[in-house]
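Here the structure comes first, spelled out in C-alpha cells, and everything after it is commentary.
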Amino acid sequence: MTSIHNFYAGPGALPKPVMEKVQADLFNYRGTGVSVMELSHRSEPIVELIEDTVARVRAFLALDADWEVLLLQGGGSQQFLMAPLNLSRPAEQVDYLDTGYWSRKAINEAGRCDRDVRIIASGASSDYNQLPTPEQIKTRADSRYLHLCTNNTVVGTQWHRLPDSKAPLVLDASSDFLSRRIPLDNVSCLYAHAQKNIGLAGVTVVAVRKDCLLDNELPAYLDYRSHIAANSNYHTPPVFSVYITNLMLRWLESEIGGLDAMAEINSRKARLLYDAIDNSKLFTSDVHLPDRSLMNVTFSSGSPDGDEDFISYCKQRGVIGVEGHRTRGGLRASLYNAVTVDNVQALVDAMQAFERAQ
Ligand SMILES: Cc1ncc(COP(=O)(O)O)c(C=O)c1O
C-alpha cells in the first residue's frame, strides 16, 4: 500500500508504533487472555489503566496536589457546559474571548446556564484571522474566570502566550493539548478532548484546581465532584479510548522524549509548511503572522476551484485531509503530534509540484 499522509483535523493521524501495539495487544491485554474491550471497568487491569493514564497526564502538566485530573465523556462540547456549571454560580459573571467557531459554541452554552456571560474581546471584525490584543482584554473585577480556546482549529490561530487576566483562565486546549508546554499559574481549569493529539474520540481530559470547585447541587453526571470521588470511574468509562490515550502518553514520553521534544518537532513541521506557503506565488495564508497556529495551518490557492483541484491532486499522491472546515472552505493541514516531518514534506512536495503544473 502507498503511504498515506494524513492531515485530517480530528480525528486525525495516530502514530504507527501505537497502532502496532494495539494490534499486538488486541486478543490478549496484559496477559488477561482477552482484549481490553472485554474487561470490566471495575477489574484490576482497567482500574490500573485509568490510574496510570491520570498519573501520566499529571506528570506531563506538572500538576501538584491542588489539582484533580478527570477522564470524562462527551467531548469538548460537554465541557462547554460543565465548565460554567462547575466553576461559577447562577447569575455570576463569567468572561469569554470570542476567537471563532469553537469559542462561540462555548459562549452559547454558557449562555444557557443562567450566568452573566460577557464577551470581553472578539476577533469577528478580522474574520477571526487575528487574536484579540492584550489591550483589548479587560476582564471584569468580579468575574469567576476568563474562558479562551488555546488553539482555534477552524481558522488556524493559536495563543503563543496566554493573555494576562485578573480572572483565572479556563482553557479549551482540545486542539493543541500536549503539543507544547502551557503555563498553568493563572489557570483554574483546562479541558481537551483526545481525538487530536492524544488518541480517539470518547475521552476528554479535564484538569481542575480543587479550590475552584463549587457545591452547586448539579445533576450527578454534570458535577466534576462525582467523577473525582469515583476516580473517573463514576459510570462505565470509554475503556478502549482511555487505553489508546495511555499508549499515546507512553509514546510521547518514550519515543518522542517528552513535551519539549514534541514542541520542537511541532515547530519544525509548522515552519516547513509556512515557509512553503510564504515562498509560493500560488498559495497564501490570511492569518495574522504572530497568531499563526502550529497545529492547524489554513491556506488557499486563491480560488475555490483551485482549492478543489489541489485537494484532488493531493489525494492522488496519498495526501489526505487538506480540505478547509466546511464553514470556511479553503485548505487546512493539521499538524498534530502524530504527523511526522516526512508527512509535511510530502504535502510541501505536492504543493510545489501542483504550482509548477499551473
Ligand atoms: C478547539 C475545539 N474545541 C471543542 C471542539 C468540540 O469537541 P467535540 O467534537 O469533542 O465535542 C473542537 C472540535 O473539533 C475543537 O476543535
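The values are calculated or read from the model by the stated rules, or taken from the named source; none is laboratory data. Worth saying up front: this structure is predicted, and the values here are computed from it rather than measured. Counting neighbours? That spans all protein chains shown, and the Cβs are built from the backbone with ideal geometry, glycine included.
See the values below:
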item: Hey, Val94 in a strand (DSSP E or B) and without any contact (Cβ under 8 Å) to a residue 60 or more places away in the chain or not; result: yes
item: Residue in the range 120-130 that is within 13 Å of the ligand (Cβ to nearest atom), over 30 Å from Leu252 (Cα atoms) and either in a loop (DSSP other than H, G, I, E, B) or in contact with a Lys or Arg (Cβ under 7 Å, 6 or more places away or on another chain) (or both) present; result: yes
item: Selected residue [of a type in the set (Gly, Ala, Ser), surrounded by fewer than 18 Cβ atoms within 10 Å (Cβ to Cβ), in a loop (DSSP other than H, G, I, E, B) and away from the ligand (no atom under 16 Å from the Cβ)] from Ala65, Ala55, Ala24; result: Ala65
item: In the range 166-189, residue surrounded by the fewest Cβ atoms within 10 Å (Cβ to Cβ) [restricted to those that are under 22 Å from Leu81 (Cβ atoms) and small (Gly, Ala, Ser)]; result: Ala167
item: Residue that is nearest to the ligand (Cβ to nearest atom), among those in the range 142-159 that are out of contact with any His (no Cβ under 9 Å at 6 or more places or on another chain) and aliphatic (A, V, I, L, M); result: Leu148
item: Set Ala201, Ala192, Ala207: member being within 11 Å of the ligand (Cβ to nearest atom), buried (at least 22 other Cβ atoms within 10 Å of the Cβ), closer than 19 Å to Thr245 by Cβ and in the same structural domain as Val54 (by TED's automatic domain parsing); result: Ala192
item: Residue check, Ser103 within 16 Å of the ligand (Cβ to nearest atom), surrounded by 15 or more Cβ atoms within 10 Å (Cβ to Cβ) and over 14 Å from Arg144 (Cα atoms); result: yes
item: Output for the range 166-180, where each listed residue is over 19 Å from Asn246 (Cα atoms), at pLDDT 95 or above and part of a loop (DSSP other than H, G, I, E, B); result: Ala167, Pro168
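Residues are listed down the side, and each one gets a yes or a no for (1) farther than 19 Å from Leu289 by Cβ; (2) in contact (Cβ under 8 Å) with a residue 12 or more places away in the chain; (3) basic (Lys, Arg):
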position	(1), (2), (3)
Ser143	yes, yes, no
Leu146	yes, yes, no
Cys149	yes, yes, no
Asn152	no, yes, no
Trp159	no, yes, no
Ser165	yes, yes, no
Leu171	yes, yes, no
Ile182	yes, yes, no
Asp185	yes, no, no
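Table: residues versus (1) at pLDDT below 95; (2) outside the structural domain of Leu85 (by TED's automatic domain parsing); (3) within 30 Å of Leu85 (Cα to Cα); (4) polar (S, T, N, Q).
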{"site": "Tyr224", "(1), (2), (3), (4)": "no, no, yes, no"}
{"site": "Val242", "(1), (2), (3), (4)": "no, no, yes, no"}
{"site": "Thr245", "(1), (2), (3), (4)": "no, no, yes, yes"}
{"site": "Asp286", "(1), (2), (3), (4)": "no, yes, no, no"}
{"site": "Ser293", "(1), (2), (3), (4)": "no, yes, yes, yes"}
{"site": "Ser301", "(1), (2), (3), (4)": "no, yes, no, yes"}
{"site": "Pro304", "(1), (2), (3), (4)": "no, yes, no, no"}
